[in-house]
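Okay, structure first, notes after.
The values are calculated or read from the model by the stated rules, or taken from the named source; none is laboratory data. The shown structure was predicted, so the numbers you read here are calculated from the model rather than taken from an experiment. Cβ coordinates were reconstructed from backbone atoms using ideal geometry, including for glycine residues, and neighbour counts include every protein chain displayed.
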Amino acid sequence: MAEAGIPALLCFGDLFGAGLLSQHVFQVSPSYVWEAQRIVDYALRDRRYRKIGALTTDSLSGEVARRSLTEALAGSGRRLVASETYPESPQNLAVQLRRLRRQKVEALVLEGPPTAMVATIDALRRQGSAYRSTALARIASAPSGRKTRLNARQWRPQVVGFDSLLTSFPTGSIPAPGTIAADSYARGAHYLPIPSLQSFRRRTRTGGRAHLWGGSAVPMRLFR
């Protein structure tokens, strides 16, 4: 395509972070490198979590997400305490979630399609670990030893994701309250009076509002 001078547009994924951008290839979505920095900023500074874990696809995209997250945490003096992978078409995430639970992960950073978000939220709900609030998600960062022990038994991590989670939710599925994902102000295009974009807006509204956190070019979108 490059030889023919035909441009290619990448809507989701991160060729920039993978070092694979080439002539006539354009990436619309923000790089996972920048999204990871925003996710880490939110988790550490705003939520004050201490233990961050990752659940990513066993793919190039997942590899870039893991590396970006690891580097962003290192820049803040933290480390990724646990990292699990899953097939691009997740069926059962119980094993991966049990491992993350053993590491007492407070924020679970998810990379993958919207179906992965649905599968993760459903699996957490079946385990009795659905997110309720920041106060209940905090374990290592809890204000007291008693609270740490109590929250560790319950384990209710907050799910935080990369922008690929915001593509198109399966019919009848909506993000669970408290789920948050990196986004770009460029996504404001869905406010245009175009039927397909309006449909996307309705699907992500979840009956309430999608709230933006942060003032950079890669804000966070919170579903309530």
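Within the stretch 1-14, restricting attention to residues that are over 18 Å from the mean Cα position of the chain (by Cα) and touching a residue at least 12 places away in the same chain (Cβ under 8 Å), the residue that is surrounded by the most Cβ atoms within 10 Å (Cβ to Cβ) is L10.
Would you point out which residue out of A43, A74, A54 is in contact (Cβ under 8 Å) with a residue 24 or more places away in the chain, of a type in the set (G, A, S) and part of a helix (DSSP H, G or I)? Talk me through it step by step, then tell me what you get.
On the way: A74 fails: in contact (Cβ under 8 Å) with a residue 24 or more places away in the chain; A54 fails: part of a helix (DSSP H, G or I).
None of the others qualify; the one that does is A43.
I'd like the full set of residues that are assigned to a loop (DSSP other than H, G, I, E, B) and of a type in the set (A, V, I, L, M), limited to the stretch 130-145.
So the first thing to find is which residues in the stretch 130-145 are assigned to a loop (DSSP other than H, G, I, E, B), and the list is 130-133, 138-144.
Correct list: A130, I139, A140, A142.
All of A142, A181 fail the test of being surrounded by 19 or more Cβ atoms within 10 Å (Cβ to Cβ), among the hydrophobic types (A, V, I, L, M, F, W, C), at pLDDT below 90 and over 18 Å from the mean Cα position of the chain (by Cα), apart from A142.
Taking the condition surrounded by fewer than 19 Cβ atoms within 10 Å (Cβ to Cβ) and of a type in the set (S, T, Y), does S59 pass? It is true that S59 is surrounded by fewer than 19 Cβ atoms within 10 Å (Cβ to Cβ) and of a type in the set (S, T, Y).
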